[in-house]
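I am attaching a structure below and will ask some questions about it afterwards.
The values are calculated or read from the model by the stated rules, or taken from the named source; none is laboratory data. No experiment lies behind these values; they were computed from the predicted model shown. Using ideal geometry, Cβ is built from the backbone for each residue, glycine included, and neighbour counts are taken over all protein chains shown. The accessibility values were calculated without ligands, DNA or RNA, using every heavy atom of the protein model including side chains. Shrake-Rupley method; radii C 1.70, N 1.55, O 1.52, S 1.80 Å.
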Amino acid sequence: MKKNKIEDKKSENVLTLSNVSYRYYDAEPDEYVLKDISLTFDEGKTYAIRGRSGSGKTTLLSLISGLETTYEGDIIYRGTNLRKIDLDEYRSRDIGIVFQSYNLLPHLTAVENIILSMDISKINVEDKRKKALDLMESVGLKREQGDRRVLKLSGGEQQRVAIARSLSYNPNMIIADEPTGNLDKETEDEILQILTRLAHDENKCVIIVTHSKNVAEIVDVCYELKKNDK
Amino acid sequence: MTILKNAWLSITRNKGRNVQIGIIIMVIAIGTSVALAIRNSAKSLIDSYEDQYEIEATIGVNRDTMKENMKDMAPPSTDSSSGSTSTERSEKMDDMRSAFSEASNLTVDEINSYGDSDYVKSYYYSLSVGLDSSSLTKASSSSSSTTNAGGNNNSKGMTGGPGTETSTTDFTLVGYSSISAMSDFVSGNYTITDGSVSDDLTSNTCVINEELATLNNLSVGDTITLYDSDSTTNTITLTITGIFSENDSSESSSSGMSMFTSSANTIITNTNVITTLTNKDSSLKVTTTPTFILTSKDDIDAFTSEVESKGLSSYLTVSTNLDQIESSTETISNVSGFALTFLIVILIIGGIVLFVINMINIRERKYEIGVLRTIGMKKSTLTLQFICELSIVSIVALIVGAIIGASVSIPVSNALLANEISSQSNKTSEVASNFGMDKQNGNFDHVNGVANTQAFDSINAVVDIKVLAELLLIGLLLTIISSIAALVSIQRFSPLTILKERS
């Protein structure tokens, strides 16, 4: 089925979850990981989704990012149901995803990882390399680190590259799954500062899935997920 | 452009993996290019040989039909009442004799009818008739001439019918319909030693064997008179325009202990002379030997069917020189066959190995697939990129393989051919030793399918444009087949699952 392009109309909420439920395909009929979740996300704010292990935080992030599609209820992005959207296009243009384990391509350099993302999104940029280096600088990396293979960078540096990559096509939302889970306290603070700046200064909607109390304290809105015990 | 750029980056950054795939494709390419070069060169050599030695069809006795009829005429066994009586057998024998005699005397009209075919490039024929002469002495220790003897050494004609009338005459007058029909001169079996063969194929001229000329003190310009032994008034006078000799090798092989060559009593003229004689005496027994040059060896069956539909007697059949030609190209055909088997084996094994290695590689690249899908690369784009990568590696490997294949194809093919020739030679030697002879002393050409003489002793198996085009096609096919692994995996892998596994 041909999916619709995302309508470019301004909505009150950038993302709305309405009675979203999810269970694994091989689970019992009433064994839901998420049950009737209704949340809203606005631009210019940071959100934290907290919860114990198994509460469905990462599953919720998968649903929001369009990586998981077998759910009940509706997820509305800028007024359009995700079910009617080309999800590849949605992930390559409208949302930036940052993972705990960075998910960079190890055979490419930092700049190449960022440019690859721009290529996939088909964003019209005159000098992609320059933009990639500018983005690296904006997340606290040095330009000379751009031509290093990502495996030669530290964990914190790789996470900054991942953030720069997610910003390369100027998405409306940044979805981060435990972005500071593998980092030390100092680096965690720096990464959180960057994410907060993106929301407050660049009007992005930043959603962070986290265990960390530290993260929960600095975000604008914190949603707590409770484990569904039937 | 993005796909190409990403594919190139992936290739250059994962050299080990791509070199591994490249080596396999290169080995396949070397084997394939050598095999294709051998196949194509062998085919072109065989085609060229077959073009050079045209497919000649003649009409001869159908021995199978004769054998069947002979069975019907077998005497009854003592304990059976179902056999034919002697009267019935005699009647059948007479019928068959009559049918054969009638069938073997093909008329010129029939030959023209058979020759008027899309499968026939050209045709000619010879007519031979047994005659006597009061003024000539025959070379008496040579083979006797008979009205059904065919007259010359080109014994593809209709000879030896069952109980055919064999009234012995002194000389055989053979008339040819064209210069090209004189196959013994064309092959070099006969050579003019004095004068020439008249190019006027309507004149009363002839050429005679030098032995007959010497025996009768004849020379170019003299005349000879021959007559029909059944009708002495039916005579013909011919002017000798040339004297020929028969070459020694055929003499020794076909005349045995005779002091004269087999063609000593053969007088060569044109069909017009013989037609003149038969017009005067319609009962004169004439043996007709037609030769049809076919357009292609593929037309043999069609031509046979056509002449049968035009009324060829069941006692006669079409035979060709195809076996002789194919026997001369047997070794090269064997090498070509070996090359084909080798090609099939290498493609099957190579294809499977390539497929498996690609499967393993795709599994190793699951993480990359997961990341690319997560950041929004479409399945189709990803698949194209993987195919593109494999295609680039394949093209480079095919080029290197073709270059190496080109440099080894000639020595490899010649080594194979030399081996095959040696094997054939050993086979011939074994046959010769069964006769207690050396191979060189006996004539073992085509003895029971053993080819002694081979048309080729080398093969120029070059990797040319045709081979390259075929190689490219095969490479493309292998790339597509081995890409199926990537196609299936990319469709099947869930990016979420991959990244979860990774975490």
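In the range B:1-43, how does Rg compare with the Kirkwood Rh, expressed as the Rg/Rh ratio over alpha carbon atoms?
Looking at the range B:1-43, the ratio lands at 1.27.
Let me ask something else. Are there any trypsin sites (Lys or Arg not before Pro) in the range A:135-180 that are in a DSSP loop and have at most 12 other Cβ atoms within 10 Å? List them by number.
A:142
Which one of A:172, A:208, A:194 is farthest out on the positive end of the charge dipole of the range A:163-218, using unit charges on Cβ (Lys, Arg +1; Asp, Glu -1) and the Cα centre as origin?
The listed residue farthest towards the positive side: A:172.
On to the next question. How would you order B:237-247, B:264-274 from highest to lowest mean count of nearby Cβ atoms within 10 Å?
Order by mean packing, descending: B:264-274, B:237-247.
So what is Rg over Rh here for the range B:167-216, counting just Cα atoms and using Kirkwood for Rh?
Ratio of gyration radius to Kirkwood radius: 0.96.
Over all residues in A:100-109, what is the mean tally of Cβ atoms on other chains that come within 10 Å of each residue's Cβ?
Counting other chains' Cβ atoms within 10 Å and averaging over A:100-109 gives 5.
Compare B:281, A:30, B:222 by solvent-accessible area with a 1.4 Å probe and give them largest first, with all protein chains kept in place.
The ordering from most to least exposed comes out as A:30, B:222, B:281.
Please compute, for peptide B:375-385, the average count of beta-carbon atoms on other protein chains lying within 10 Å of each residue's beta-carbon.
Mean partner shielding for this stretch: 5.
Keeping every protein chain present and rolling a 1.4 Å probe, give me the accessible area per residue for chain A in Å².
46 Å²
Any residues in the range B:1-49 that have 50 Å² or more less accessible area with all protein chains than in their chain alone, probe 1.4 Å, and which are they?
Buried-area filter returns B:13.
For chain A, taking Cα atoms only, what is the radius of gyration to one decimal and the Dmax to the nearest whole Å?
Rg, Dmax (Cα atoms, Å): 17.5, 54.
At 25 °C and 0.890 mPa s, what whole-number value in µm²/s does Stokes-Einstein give for the translational diffusion of the range B:268-349, with Rh from the Kirkwood sum over Cα pairs?
142 µm²/s
Here's something else I'd like to know. Expected output is a single nm value to one decimal: the length gained when fully extending between residue B:341 and residue B:276, i.e. 0.36 nm times separation in residues minus the C-alpha distance. What is it?
Separation in residues times 0.36 nm, less the Cα-Cα distance, equals 17.5 nm.
Send over a whole-number figure in Å² for the accessible area per residue of the range B:219-345, probe 1.4 Å.
Solvent-accessible surface per residue comes out at 42 Å².
Moving to a separate point now. Among DSSP bridges having both ends in chain A, what percentage is antiparallel? Round to the nearest 5.
The answer is about 40 percent antiparallel.
Next up: Please list B:28, B:349 from largest to smallest accessible area, probe radius 1.4 Å, with all protein chains kept in place.
Ranked from most to least accessible, the order is B:349, B:28.
In whole percent, and with a 1.4 Å probe on the protein chains, what portion of the accessible area of chain A is carbon and sulfur?
43 percent
Can you tell me the Rg and Dmax of the range B:372-413, counting just the alpha carbons, in angstroms?
For the range B:372-413, the Cα-based Rg and Dmax read 17.3, 54 Å.
Find the relative contact order for the range A:124-174 and round it to a whole percent, using C-alpha pairs within less than 8 Å whose residues are 6+ positions apart.
That works out to 39 percent.
Where does each of B:220, A:161 land when they are ordered by accessible area, with a 1.4 Å probe and the largest first?
Correct descending sequence by accessible area is B:220, A:161.
Let me ask something additional. Return the Cα extents of the range B:206-350 along principal axes one, two and three, sorted largest first, each rounded to a whole Å.
80, 40, 27
Ignoring everything but the protein chains, give the 1.4 Å probe accessible area of residue B:378 in square angstrom, nearest 10.
Its accessible surface works out to 60 Å², give or take rounding.
Separate question: Go through the range A:161-186 and flag every residue whose accessible area shrinks by 40 Å² or more with all protein chains in place compared to the isolated chain (probe 1.4 Å).
Those residues do not exist here; none qualify.
Would you work out what percent of the accessible area of the range B:352-417, with all protein chains in place, is carbon or sulfur (probe 1.4 Å)?
Percent of accessible area from carbon and sulfur atoms in the range B:352-417: 79.
With runs of 4+ DSSP H residues as the only contributors, calculate the mean residue ellipticity of chain A at 222 nm using -39,500 (n - 2.57) per run, divided by the residue total and rounded to the nearest 500.
-10000 deg cm²/dmol
Kindly tabulate the residues in the range A:45-72 with an accessible-area decrease of at least 50 Å² between the chain alone and the assembly of all protein chains, using a probe of 1.4 Å.
Those are A:67, which lose 50 Å² or more relative to the chain on its own.
Please report the buried accessible area for the interface of A with B, total over both chains, probe 1.4 Å, in Å² to the nearest 100.
2100 Å²
Separate question: Normalised by the number of residues in the range A:49-205, what is the relative contact order in percent for Cα pairs under 8 Å and 6+ residues apart?
RCO, the range A:49-205: 28 percent.
Could you check how much of the accessible area of the range B:265-311 is carbon and sulfur, as a whole percent, using a 1.4 Å probe?
Carbon and sulfur together cover 43 percent of it.
Taking the Cα centre of each part, how many Å lie between the range B:3-58 and the range A:22-90?
What the calculation gives is 54 Å, centre to centre.
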